[in-house]
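Below you'll find the structure, written out as C-alpha cells, and then a few comments.
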Amino acid sequence: MATSISIFPGVFELRRRSYGASLFWFLLFTLPIFLIIFNFSLFINGLASLILSVFLLILNPGELNKIFNFEIVEYWAASVFVILWLLAVWILHGRLVKRELGKTNEDTAHTQWQLAWTEIKKNRVVFLFIIVLASMYAVAFLCPWLAPRDPNAQQDITVTKYAAPLQSVAYLKLRSPELSVLPFREGEGAVIMVINKFIAIQNRLLNRESSVVFVNSFQKRGEEIHYVQGIQKKVVSVSELISENEKDFAANRMFLLGSDKYGRDILSRLLYGSRISLSIGFLAMAIAVTLGTIIGALAGYFGKKTDAVLMRWVDLMLAFPNLFLILMIVALFGNSIFLIVVILGLTGWMGVSRIVRGQFLALREMEYIQAAHALGFSHSRIIFKHLIPNAFAPVIVAATLRLGGIILVEAGLSFLGVGVQPPTASWGNMVAEGRDMLIHGWWISTFPGLAIVLTVICFNVIGDGLRDTLDPRMRT
C-alpha cells in the first residue's frame, strides 16, 4: 500500500524529505489537472469533437469534409496535450520510483543520457531555462484555453485601439444575436445523429465570444442608453441589452498587455504567436537534423568519392547567403507557413552534416565497428544501430543552439513582410506592426520582442549546458 501511494508524483520524494523535488513533481502533475478543471467545457468539447470526427471519417468522410472547420484542431491539440502531459508525468515518476526502490549497494551502470540528466539537474540555471522553455511550448499548445480573446478580433476600434497595458475599457453586454452557425442535418439514423452532435460542438467552440459594444462613456436615459465611441455619439435601446440593471449590462475589460492599432489584444496575439514561432523553429530544425544526419553519415561512412561529392555540395550551399536564398524562393513560389518551414529546414542542415561527418570519420575506425564489419553486418545496420546513436550527442547540442537562430530568421522574415502573413500572429510580424509606434505604443513591439529574446536565450543556455554535459572533456 505504501509503495502504491509513493507512486503518486511528489509523495515518494516527500517520504525521503526531498522537499524541493516533491514540490516539483506535485506541481508538474497537479497543474494540468487544474487546467482541465478550469477549462472543463473546452476540454470535454475538444475530446468529443475529435472522437466524433474520427467516427465521421469512417462512416461518412464526404459529409465530414463539408462541415469540418480546421480551427477546432487547436482545441483537439489542447485536450490531447494535457492528457499526454498527465500520462508522461505519471510514467516518468513511476519509473523513477521503481529505479530508486530497486537500487542496491552495488554500483549500477548508467547510460550516457542518464549521466547527462544527472549533471543537468545539478546545473540549476540550465534546469531553470529548460522549465521556462517547456512552459513556453505548453502555452503554445494551450493557447485556445489561455488566451483571453480571439487574437484576430477587431471591434469598435475607435475605443479599443492603442489601449495601454493594464488599461480597462468599458463595454455594454448585448443580447446574443443569432450566430452564424452550420445548420443541423435532417433525417434519422446513427450517422445523422453523429453529424448533428459534431455540428453542435463545433458551433459552441467557434462562437465563444460574447456580443458586446465597447464605449468611452455611456448614460442611461429612460429606455435608452446613450454612449460615446470616439467622436461619435450613438443610442441603443435597453431591450437590446442582456438586462435593464446597469450592474448586469455594463462591465470593464482589461487589456493586460495592451492592444494594437486594430484593437486586438496583445496578450492573445502573443500566446498564439508563440505557437507559430516555436513550431516553425522546431519543425524546421527537425528537417535540418534529419537531412544533415543522413548526408553527414553517408559522407563520413563511405568516404572517398562519396565524401568528396557530398562535402562539395555542402560547401556550395554554404556559399549562398541564406537570407537572399530564402527571399528568392519566397518570391518565386509565394509564402506560406509550410513553405517557410521547408525553406528554413533545407537551408540549415549544412552545419549538422559536417558535425555528423566528423563523428563518423572518428568512430568508423573504432574496434567495435571493425568487429561489426568482420561479422558481416550490413552498412545500414552499422550506420543506424552503431554509429548514429554514438554520434548523436553533438548533433543535439548543435540543433539546440541552431534553434534560436532559426526562430530569429523566421522573426526577421515576418518583420520584412515575407514570412507569416497577417492577420496570423507571429512574434516577427507583431514587432513589425508596432515599429511606427515605439514612443506612444511601445508595448506593441516590446512584448513580442522580449518573447523572442527570452526564447533565443533559453535555447542558447540549454545548448551550452548540453555541450558541457555531453562532452566528457568539459566535465570538471
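In the set Trp90, Trp85, only one residue is modelled with pLDDT of 90 or more and in contact with a helix residue (DSSP H, G or I) (Cβ under 6 Å, 6 or more places away or on another chain); that residue is Trp85. Pairs meeting the criteria (first residue in segment 442-464 and within 19 Å of Asp265 (Cβ to Cβ), second residue in a helix (DSSP H, G or I) and of a type in the set (D, E, K, R), beta carbons under 7 Å, at least 6 apart or on different chains) are Ile444/Glu433; Ser445/Arg435.
For every residue, the table says whether it meets (1) in contact (Cβ under 8 Å) with a residue 40 or more places away in the chain; (2) part of a helix (DSSP H, G or I); (3) under 21 Å from Phe70 (Cα atoms); (4) not assigned by TED's automatic domain parsing to the domain that holds Phe43.
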site	(1), (2), (3), (4)
Pro183	no, no, yes, yes
Ile199	yes, yes, yes, yes
Val213	yes, no, no, yes
Phe218	yes, no, no, yes
His226	no, no, no, yes
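If we scan segment 279-295, do we find a residue that is outside any helix (DSSP H, G or I) and small (Gly, Ala, Ser)? Checked against the condition, which is being outside any helix (DSSP H, G or I) and small (Gly, Ala, Ser), segment 279-295 yields no hits at all. For residues in segment 157-181 being part of a helix (DSSP H, G or I) and of a type in the set (S, T, N, Q), which is surrounded by the fewest Cβ atoms within 10 Å (Cβ to Cβ)? Going through the qualifying residues, I end up with Thr158.
Of the residues Ile231, Ile195, the single one that is over 30 Å from Leu438 (Cα atoms) and either of a type in the set (Val, Ile, Thr) or in contact with a Leu (Cβ under 8 Å, 6 or more places away or on another chain) (or both) is Ile195.
Give segment 195-217 a look and list any residue that's closer than 15 Å to Ile51 by Cβ and of a type outside the set (S, T, N, Q), or say none. Correct list: Ile195, Lys197, Phe198, Ile199, Ala200, Ile201, Leu205.
The sole residue among Ala398, Ala393 that is more than 24 Å from Ala153 (Cα to Cα), of a type in the set (Gly, Ala, Ser) and buried (at least 21 other Cβ atoms within 10 Å of the Cβ) is Ala398. From the list Arg204, Arg208, the one residue that fits, being assigned to a loop (DSSP other than H, G, I, E, B) and not hydroxyl-bearing (Ser, Thr, Tyr), is Arg208.
Considering segment 216-230, and only residues there that are touching a Ser or Thr at 6+ places or on another chain (Cβ under 7 Å) and farther than 22 Å from Ile157 by Cβ, the residue that is surrounded by the fewest Cβ atoms within 10 Å (Cβ to Cβ) turns out to be Glu223. Among the residues of segment 59-77, are any among the polar types (S, T, N, Q), touching a residue at least 60 places away in the same chain (Cβ under 8 Å), within 30 Å of Ile130 (Cβ to Cβ) and surrounded by 12 or more Cβ atoms within 10 Å (Cβ to Cβ)? No, the conditions are met nowhere in segment 59-77. Considering only residues in segment 231-271 that are among the basic types (Lys, Arg) and assigned to a strand (DSSP E or B), the one that is surrounded by the fewest Cβ atoms within 10 Å (Cβ to Cβ) turns out to be Lys233. Counted as qualifying within segment 314-375 are the helices (runs of 4 or more DSSP H) with 2 or more residues that are hydrophobic (A, V, I, L, M, F, W, C), closer than 21 Å to Ala411 by Cα and assigned by TED's automatic domain parsing to the domain that holds Leu413, namely 322-333, 337-346.
The values are calculated or read from the model by the stated rules, or taken from the named source; none is laboratory data. The model shown is predicted, which means the values in this text are computed figures rather than measured ones. Backbone-built Cβ (ideal geometry, glycine too); neighbour counts: all protein chains shown.
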